[in-house]
């Protein structure tokens, strides 16, 4: 199973946590594929998938994510909207694409025992601690928090291997015509959004039952 997300998406954060809980114990291997938003596409996930989010929809979206977090017991903190908008300006001025550095750090941690923990630490930094995980110092703190060496990970993060992983993940995301994040792809079938986690788990169980017969 392929799992596509972006660290500065509350939907992705909630969905990934919910999926980890719901899929635990099921016969499935989840391959996490964090993506980035190329600079020529914009800085928002909506830019990436060719959409837009008006202010009233954004306001409702925050309320609804807070309800989901409360319902499922997931820790969640929002930064004020003006803080997010100031970050957008910084992301536009950055030489790196949005989410590029945290995604690169994730792929650089491949082969260590702490890659999954780093994934969680990056999400927690964004949605519990209110940090900007496009900031190198924040990424360094996340790497240290899972007992990895920031210097080694960030050096590897810009290697050819990691560049291929980073761009390959986005190519896959577009190949499968993923409509947003989080999206899971199981044998070519897409499940988009935190509200499809139960359907995703049912699909995995059904496939497991077919293999058993």
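A few points about this structure:
- Segment 52-92 shape via C-alpha gyration tensor axes, a/c threshold 1.5: oblate
- Rounded if a/c under 1.5, otherwise prolate or oblate - segment 131-187, Cα gyration tensor axes: prolate
- Across the chain, the relative contact order, built from alpha-carbon pairs under 8 Å that are at least six residues apart, equals 32 percent.
- Values of log10 I(q)/I(0) for the chain across q = 0.11, 0.13, 0.16 Å⁻¹ run -0.52, -0.73, -1.14, by the Debye formula with one identical scatterer at each alpha carbon and no solvent.
- Were the residues from residue 144 through residue 177 laid out at 0.36 nm apart, the gain over their Cα-Cα distance would be 8.4 nm.
- Taking a ≥ b ≥ c as the square roots of the eigenvalues of the Cα gyration tensor, an a/c ratio of 1.5 or more together with a/b no larger than b/c marks segment 79-118 as oblate.
- For the chain, the antiparallel share of DSSP beta bridges with both residues in that region comes to about 65%.
- Considering helices alone, the calculated mean residue ellipticity of the chain at 222 nm is -17500 deg cm²/dmol, with DSSP H runs of length four and up weighted by -39500 (n - 2.57) and normalised per residue.
- Diffusion coefficient, µm² s⁻¹, Stokes-Einstein with Kirkwood Rh over alpha-carbon pairs of segment 47-130 at 10 °C and 1.306 mPa s: 105
Every read-out reported here was derived from the displayed coordinates using simple, explicitly stated rules and does not represent laboratory data. Model, not experiment: these values are computed from the prediction.
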